[in-house]
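**Q** Quick one: the structure is below, and I'll ask about it shortly.
The values are calculated or read from the model by the stated rules, or taken from the named source; none is laboratory data. What you see is a predicted model, and the numbers here were worked out from it, not measured in a lab. Methodologically, a virtual Cβ is constructed for each residue, glycine included, from the backbone with ideal geometry; neighbour enumeration extends over all protein chains shown. The accessibility values were calculated without ligands, DNA or RNA, using every heavy atom of the protein model including side chains. Shrake-Rupley method; radii C 1.70, N 1.55, O 1.52, S 1.80 Å.
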Number of protein chains: 2
Amino acid sequence: MTEQPTTEQRGATLRDEDFLRLDGQICFALGAANRAFGGLYRVILKDLELTYPQYLVMLVLWEHGTMPVKQLGQHLRLDSGTLSPLLKRLEAAGLIRRERSTEDERSVHAVLTEEGAALRERAVEVPRRIARATGFELAEIRELQERLGRLTAALDAAVDSVGRD
Amino acid sequence: MTEQPTTEQRGATLRDEDFLRLDGQICFALGAANRAFGGLYRVILKDLELTYPQYLVMLVLWEHGTMPVKQLGQHLRLDSGTLSPLLKRLEAAGLIRRERSTEDERSVHAVLTEEGAALRERAVEVPRRIARATGFELAEIRELQERLGRLTAALDAAVDSVGRD
DNA sequence: AACGATTGAGTTGTGCACAACTGAATTGTG
DNA sequence: CACAATTCAGTTGTGCACAACTCAATCGTT
């Protein structure tokens, strides 16, 4: 990996061919890591009968308690098109209830049931197993998070400013 | 939940509550970054009428040429259940042909059509736009790739050795 | 109070990801 | 050679992600 850091010195604008190869890799690497996580979660969450996205929803509810769908979506970066059916499945599984808000009837709150709250006990070991599986030190995980956060922000900003280029 | 979850520090072992918060984050961050990429690609690839996964397939074919589905899947970390319909759509779009191999009739080769090969010219600018959007230096991207690669490998290994824990 | 604009949840349709499966071709072993 | 095991592509079914839309509730402005 140790190479000339600044690329466009010398003969150095990468050729398009190189770019087309290179390019695949960061999004590739990201997608691959993401799916590898998915695979591991699938295995680990099998006992709890949760999918990975469902688990993420439960995490948010365990941490913050009752919450409208909208806000859940903000935490999770998901929209109602994804959340609505997912929450229905969680409801069907008896882990949450969906209650239309009385003070704003457009809004629906996701509320943990007894059973949903209880599931937390069994989920407690999940993160540790995952963390162990990564083989990463906490500091390294944090750093990775930080970079991914910056990356996400940059990409989002880029999406917004599509036109000019 | 009766306590204030003061963060790590001191007693090196994090408590379960903290873990349950933390945990969300690395996979979260990864998923969010991945979807942010998806969003940007969606915008940038609109002209080419390719989805992001379709674009990745085309990248591999542009780089390596004709290739059986199996091998494509190895490059992309995807199985036939995902690739078969995707390749059909690429075929319907006239970008590839699928040709059953003569020397091994189980195998199907994805072959670029004239049109598919030509699309490369128009795709050439894509990686540069993406790279620019990340706002990352090349070196940083490389480092991120390296870590994600290690992460993926560790997670895959963990999936294989599920039982003991 | 009236009413157009906005907001929130949900629906529909498309595409990806993957498990579990089918069926045909090939390979390995006796 | 025979035939069981394996390999490969494809299908089916489930669930996620998102665009584009609907519909009702709410808000802002006049």
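**Q** Length gain on complete extension for the stretch A:R97 to A:E146, per 0.36 nm per residue less the alpha carbon to alpha carbon distance?
**A** My answer for the length gained is 14.2 nm.
**Q** Put +1 on the Cβ of each Lys and Arg and -1 on the Cβ of each Asp and Glu in the stretch A:16-152; which of A:T113, A:F28, A:L151 then has its Cα farthest toward the positive end of the dipole?
**A** A:T113
**Q** For the stretch B:117-142 and the stretch A:40-89, write down the distance between their C-alpha centroids in whole Å.
**A** 33
**Q** Per-residue Cβ counts within 10 Å, from other chains only, averaged over B:48-60: what number is that?
**A** 2
**Q** Still on this model: Taking the mean number of other Cβ atoms within 10 Å as a proxy for protection, how do you rank A:54-63, A:136-145 from highest to lowest?
**A** Per-residue Cβ counts within 10 Å, averaged per peptide and sorted highest first, yield A:54-63, A:136-145.
**Q** Whenever you get a sec, compute what percent of the accessible area on the stretch B:78-138 sits on carbon and sulfur atoms (1.4 Å probe).
**A** In the stretch B:78-138, the share of accessible area belonging to carbon and sulfur is 47 percent.
**Q** To continue, here is another question. Among B:73-82, A:109-118, how do they line up by average Cβ neighbours within 10 Å per residue, starting with the highest?
**A** My ranking of the peptides, most packed first, is A:109-118, B:73-82.
**Q** Using each residue's phi in the stretch B:144-160, evaluate 6.51 cos²θ - 1.76 cosθ + 1.60 at θ = phi - 60° and report the 3J(HN,Hα) Karplus result to the nearest Hz, with x for Gly and Pro.
**A** My calculation for the stretch B:144-160 gives 4, 4, 4, 5, 5, x, 4, 4, 4, 4, 5, 5, 4, 4, 5, 4, 5 Hz in order.
**Q** Quick one: which residues, 5 or more positions from B:V108 or on another chain, have an amide H under 5 Å from its amide H? H modelled 1.01 Å from N in the peptide plane, none for Pro or chain starts.
**A** Under 5 Å from the amide H of B:V108: B:V69, B:K70, B:S101.
**Q** Can you bin the stretch B:76-160 into rounded, prolate or oblate? Criterion: square roots of the alpha carbon gyration tensor eigenvalues sorted a ≥ b ≥ c, rounded for a/c under 1.5, prolate for a/b above b/c, oblate for the rest.
**A** oblate
**Q** Also, I was wondering about something else. Would you mind getting me the FRET efficiency between B:E125 and B:H64? Use the beta-carbon distance for r and R0 = 25 Å, nearest 0.05.
**A** E(calc), rounded to 0.05, equals 0.75.
**Q** Show me B:41-50, A:125-134 ranked by packing, highest mean number of other Cβ atoms within 10 Å first.
**A** Result, highest mean first: A:125-134, B:41-50.
**Q** Dipole of the stretch B:22-124, Cα-centred, from +1 at each Lys and Arg C-beta and -1 at each Asp and Glu C-beta, to the nearest 20 debye?
**A** Computed about the Cα centre, the dipole is about 260 debye.
**Q** Return a whole-number percent for the relative contact order of the stretch B:33-144, with Cα pairs under 8 Å and 6 or more residues apart as the contact set.
**A** Averaging sequence separation for qualifying contacts and normalising by length gives 23 percent for the stretch B:33-144.
**Q** Hey, another quick one. How much FRET efficiency would the formula 1/(1 + (r/R0)^6) give for B:V111 and B:R42, where r is the Cβ-Cβ distance and R0 is 30 Å, rounded to 0.05?
**A** Result of the calculation: an efficiency of 0.65.
**Q** To the nearest 0.05, what FRET efficiency results for B:R132 and A:Q74 with a Förster distance of 25 Å applied to their C-beta separation?
**A** The pair B:R132/A:Q74 has a calculated efficiency of 0.35.
**Q** Could you list, bin by bin from short to long, the percent of Cα-Cα pairs of the stretch A:16-152 in 5 Å steps?
**A** Distribution as computed: 2, 8, 16, 18, 18, 14, 11, 7, 4, 2, 1, 0 percent.
**Q** Right, something else. Run through the other copies and list how far each one's label point is from that of B:E146, in nm with one decimal, shortest first; the point sits 7 Å from Cα along Cα-Cβ.
**A** In nanometres, ordered from closest: 1.7.
**Q** Right, next: List the pairs from A:K46/A:K70; B:K46/B:K88; A:K46/B:K70; A:K70/B:K88; A:K88/B:K46; A:K46/B:K46 whose alpha-carbon separation is above 30 Å, in the order I gave them.
**A** Over 30 Å apart, Cα to Cα: A:K70/B:K88; A:K88/B:K46; A:K46/B:K46.
**Q** Next question, about the same structure. Per residue of B:36-46, how many C-beta atoms from partner chains lie within 10 Å of its own C-beta, taken as a mean?
**A** Other-chain Cβ atoms within 10 Å of each residue's Cβ, averaged: 5.
**Q** Separate question: Total accessible area buried between chains B and A, 1.4 Å probe, in Å² to the nearest 100?
**A** For chain B against chain A, roughly 7100 Å² becomes buried.
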